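Presented below is the structure to which this report refers.
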Amino acid sequence: MNLLILTNNPNRASFRQRIEVYLDTLRTNGINCEVAKLPAGHLARRKLFMRAAKFDGVFLHKKGLNPFDAFWLRRYSKKIIYNFDDAIMYSPKVPERNSSAHFRPFRRTAKLADMVIAGNSYLAEHARKFNSNVKVLPIGLKVSDYQVDRPPKSNDKIRLVWIGSSSTLKYLAEIKPALEEIGCCFDNVILRIICDSFFDLQNMSVEKYLWSNEKRAIDLATNDIGLAPLPDNRFTRGKCSFKVLEYACAGLPVVASPVGTNAEYVKDGTTGFLAKDAQQWLDKIAQLIENRQLRKKMGDENLALVKNFDISVIGKQLIGLITKCLRNVTS
């Protein structure tokens, strides 16, 4: 089987996490993939879509199509699989306001697809309004990449960690009051931010680590507690909790907002805690700071849980979905 994979940006984190990590597995299992970046001009995109006729199917990642692109892609494609892992039907800046600029491309693309693959059940519910063949495939990661030797602790410092991008740093900033209070209560706590943008706290030292694909495993593993705050709105409910899974791979307990798949992946009281407000953030982080054995127990539970999200597991599911959709073309 031959599959043309279309993406707006092959360098974005979403592409790496949803597609790039599976390319070798797909090819090994008989699905030959060609990745193409969608060009800027209408005519250039039409030329690319014409090439789709040479493939058994097209795997479109996240991009919502305009009427021109939708018409020509559908005309030349034998099968179209639409894959998305964010609430792209809503504006991330004003999620409670209906946005036709976001909704219409999503609706149009979901309608024309032969199969839609959504990153979680919330996203799938939105797609099922326009397509009857919607599958849920959680995000996966290569667990072994995070299994690194931790250097022995040289002091009694407790490190809280948050990993993300500059566009989502605002979510961490929302729990600043709880972090400042933690800094007042504990003089041995440090916040580590792994990102391309940072902020400071008055009552707690902040370690600023630039995100690096090569170093993120060790940068995560040398911490004690993972943080995953999210506001609750129509956009964030579509988040697929990649950072929660990264913390789990690093053997860390997690304190997270009960939003989106956070509420599914964090087993409250077992692999971490769910925190709904500033007081709960303060209480749950403090509980973990004060109890080393609890941190270790929850971290071990996370290591066991996250095996279910390894790319070897999720990759098999992805192969099955693609094969099922393209089977009629190749038979």
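Of the conditions (1) surrounded by fewer than 17 Cβ atoms within 10 Å (Cβ to Cβ); (2) part of a loop (DSSP other than H, G, I, E, B); (3) not hydroxyl-bearing (S, T, Y), I218 satisfies every one except a single condition; which number is it?
Condition (2) is where I218 drops out.
Looking only at helices (runs of 4 or more DSSP H) that lie completely in segment 92-203, which have at least 1 residues being among the hydrophobic types (A, V, I, L, M, F, W, C) and assigned by TED's automatic domain parsing to the domain that holds A248?
On the way: elements: 100-112, 121-127, 169-173, 176-185.
It comes to 169-173, 176-185.
Could you list, in sequence order, the residues of segment 245-264 that are in a helix (DSSP H, G or I), crowded, with 24+ Cβ neighbours inside 10 Å and aliphatic (A, V, I, L, M)?
L245, A248
Could you please tell me which pairs satisfy a Cβ distance under 6 Å, a separation of 6+ or placement on different chains, a first residue in segment 26-46 that is more than 18 Å from L3 (Cα to Cα) and at pLDDT 95 or above, and a second residue that is not in a loop (DSSP other than H, G, I, E, B) and not acidic (D, E)?
Filtered contacts from segment 26-46: P39/R45.
Which numbered condition in (1) under 20 Å from the mean Cα position of the chain (by Cα); (2) among the aliphatic types (A, V, I, L, M); (3) not assigned by TED's automatic domain parsing to the domain that holds C184 is the only one that L303 fails?
Single failed check for L303: (3).
Output the residue which, of all residues in segment 158-196 that are acidic (D, E) and touching a residue at least 24 places away in the same chain (Cβ under 8 Å), is nearest to S257 (Cα to Cα).
Start the filter on segment 158-196 by keeping residues that are acidic (D, E), which leaves 174, 180-181, 187, 196.
Filter again for touching a residue at least 24 places away in the same chain (Cβ under 8 Å), leaving 174, 180-181, 196.
Details: E174: 11, E180: 18, E181: 18, D196: 23 Å.
Ranking the qualifying residues of segment 158-196, first place goes to E174.
In segment 24-35, what residues are outside any loop (DSSP other than H, G, I, E, B) and either surrounded by fewer than 16 Cβ atoms within 10 Å (Cβ to Cβ) or of a type in the set (D, E, K, R) (or both)?
Going through segment 24-35, the residues outside any loop (DSSP other than H, G, I, E, B) turn out to be 24-28, 32-35.
Across segment 24-35, the qualifying residues are D24, R27, T28, N32, E34.
A304 - would you say it is over 24 Å from I182 (Cα atoms) and free of Cβ contacts under 8 Å to residues at least 12 places away in the same chain?
Working: over 24 Å from I182 (Cα atoms): yes; free of Cβ contacts under 8 Å to residues at least 12 places away in the same chain: yes.
When the stated conditions are applied, A304 passes them.
Return the only residue of A263, A221, A248 being closer than 19 Å to Y171 by Cβ, touching a residue at least 12 places away in the same chain (Cβ under 8 Å) and among the small types (G, A, S).
Working: A263 fails: touching a residue at least 12 places away in the same chain (Cβ under 8 Å); A221 fails: closer than 19 Å to Y171 by Cβ.
Step by step, each of A263, A221, A248 is checked, and only A248 is closer than 19 Å to Y171 by Cβ, touching a residue at least 12 places away in the same chain (Cβ under 8 Å) and among the small types (G, A, S).
Can you say whether L288 is in a strand (DSSP E or B), closer than 28 Å to D145 by Cβ and touching a strand residue (DSSP E or B) at 6+ places or on another chain (Cβ under 8 Å), as far as the supplied structure shows? Before you say what the answer is, go through the steps one by one.
Working: in a strand (DSSP E or B): no; closer than 28 Å to D145 by Cβ: yes; touching a strand residue (DSSP E or B) at 6+ places or on another chain (Cβ under 8 Å): yes.
When the stated conditions are applied, L288 does not pass them.
If you check A124, A118, A101, A113, which single one turns out to be touching a strand residue (DSSP E or B) at 6+ places or on another chain (Cβ under 6 Å) and either of a type outside the set (A, V, I, L, M, F, W, C) or more than 30 Å from L305 (Cα to Cα) (or both)? Can you show your working first?
Details: A124 fails: either of a type outside the set (A, V, I, L, M, F, W, C) or more than 30 Å from L305 (Cα to Cα) (or both); A118 fails: either of a type outside the set (A, V, I, L, M, F, W, C) or more than 30 Å from L305 (Cα to Cα) (or both); A101 fails: touching a strand residue (DSSP E or B) at 6+ places or on another chain (Cβ under 6 Å).
Only one candidate passes the filter, namely A113.
The values are calculated or read from the model by the stated rules, or taken from the named source; none is laboratory data. Everything numeric here is computed off the predicted structure, so don't read it as measured data. Don't worry about glycine lacking a Cβ; one is built from the backbone with ideal geometry, like all the others, and counts go over all protein chains shown.
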